[in-house]
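The values are calculated or read from the model by the stated rules, or taken from the named source; none is laboratory data. This structure is a prediction, so every number in the text was calculated from the model and none was measured. With ideal geometry, Cβ positions are generated from the backbone for all residues, glycine too; neighbour counts draw on all protein chains shown. Surface accessibility is based on the protein's heavy atoms, side chains included, excluding ligands, DNA and RNA. Shrake-Rupley method; radii C 1.70, N 1.55, O 1.52, S 1.80 Å.
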Amino acid sequence: MTDPAAAAWHRLAETSVLLDGFHALKHALRFGAEVPLAVTTDREAALALATELAPDVRDTLDALLTEVPDDTYRSFVPRPHPTAVAALAVRPAREANLRKLAHTPRSAPVIVLDNPRNLGNAGAVIRLAAGFGATGVVTTGTLDPWHPTVVRAGAGLHYATAVERLTIDELPSGPVFALDPEGDDIRSLKLPDDAVLAFGSERSGLSTELRARTDHLVALPMRPQVSSYNLATSVAMTLYHWSTSTAAPL
């Protein structure tokens with residue numbers, strides 16, 4: 001006999017976002033994700049974790065979680081998560097995200113990752129952007145910012161900010177501040193709330209197309225002979241600098 005949860009999972013999987021792990025599901029629910037199906041190998045343990053770490057969504061999880069055998073759970077995910085929780089969520093409508101990115105005036109910057117290569121880095125940036133309350137994260141190039149590995153690295157916080165892939169010509173309006181070693185020291189600048197903060201590829205830096213769109217080149221402080229920072233670290237430093245001059249705390 002076919003497991004109803006397995007049948008539902010396979011019916012929904014191709015068109016849904018995989019939320020891999022308890023924390024991804026917790027964050028997605030907190031920020032309004034529509035989650036038609038969530039499974040775990042141990043409901044009691046998952047609800048105990050919710051009671052301890054996320055009591056605000058505990059009742060929602062109690063109604064949502066279906067317990068499945070371990071081998072069924074493992075067939076749903078590319079790599080089992082220590083919490084043994086997985087869910088499928090509806091991806092936000094692209095049109096809604098584009099409206100958020102285009103809306104002005106903005107109260108927080110948009111982050112642009114120009115042709116990023118590393119899925120984990122992209123997820124870490126989305127997590128940072130959500131934490132700082134950024135308007136959104138835009139990627140250019142071939143990387144899918146909604147890839148399951150990106151969502152896992154972002155801990156489900158794609159639902160807390162607008163995440164889309166665009167071309168350079170489609171980037172939101174606003175002054176573009178692009179990170180580059182030859183730019184002005186960021187400590188000498190105030191980053192406006194409507195800034196578009198652009199970060200080049202981990203391998204090749206800013207593309208020619210993005211440089212042409214850039215209004216200001218900005219450099220992070222760095223000790224001589226240190227060649228670069230990790231992408232997520234660069235984003236964190238830049239967003240922190242922006243946040244120190246913003247009017248109100250989050």
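For (1) open to solvent by 20 Å² or more (accessible area, probe 1.4 Å); (2) farther than 30 Å from Thr15 by Cβ; (3) over 16 Å from the mean Cα position of the chain (by Cα), each residue gets a yes or a no:
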site: Val150; (1), (2), (3): no, no, no
site: Gly154; (1), (2), (3): no, no, no
site: Ala160; (1), (2), (3): yes, no, no
site: Pro175; (1), (2), (3): yes, yes, yes
site: Glu182; (1), (2), (3): yes, yes, yes
site: Leu197; (1), (2), (3): no, yes, no
site: Leu239; (1), (2), (3): no, yes, no
site: Ser243; (1), (2), (3): yes, yes, yes
The stretch 128-156 residues that are outside any loop (DSSP other than H, G, I, E, B), paired with ones that are open to solvent by 40 Å² or more (accessible area, probe 1.4 Å) and not hydrophobic (A, V, I, L, M, F, W, C) (beta carbon under 7 Å, 6 or more apart): Gly136/Lys100; Thr139/Arg165; Pro148/Pro78
Taking the stretch 153-183 on its own, how many of its residues are within 18 Å of Val235 (Cβ to Cβ) and of a type in the set (D, E, K, R)? 3
Six or more apart or on different chains, Cβ atoms under 8 Å: show the pairs whose first residue is in the stretch 84-104 and within 16 Å of Pro148 (Cα to Cα) and in contact (Cβ under 8 Å) with a residue 12 or more places away in the chain and whose second is in a loop (DSSP other than H, G, I, E, B) and open to solvent by 80 Å² or more (accessible area, probe 1.4 Å). Ala89/Glu34; Val90/Glu34
Which members of the stretch 30-71 meet the condition of being in a strand (DSSP E or B) and under 23 Å from Thr161 (Cβ atoms)? Ala38
For residues that are under 27 Å from Ala48 (Cβ atoms) and among the charged types (D, E, K, R), scanning just the stretch 1-27, find the one that is modelled with the lowest pLDDT. Asp3
Would a scan of the stretch 159-172 turn up a residue that is hydrophobic (A, V, I, L, M, F, W, C), over 19 Å from Arg79 (Cβ atoms) and assigned to a helix (DSSP H, G or I)? yes
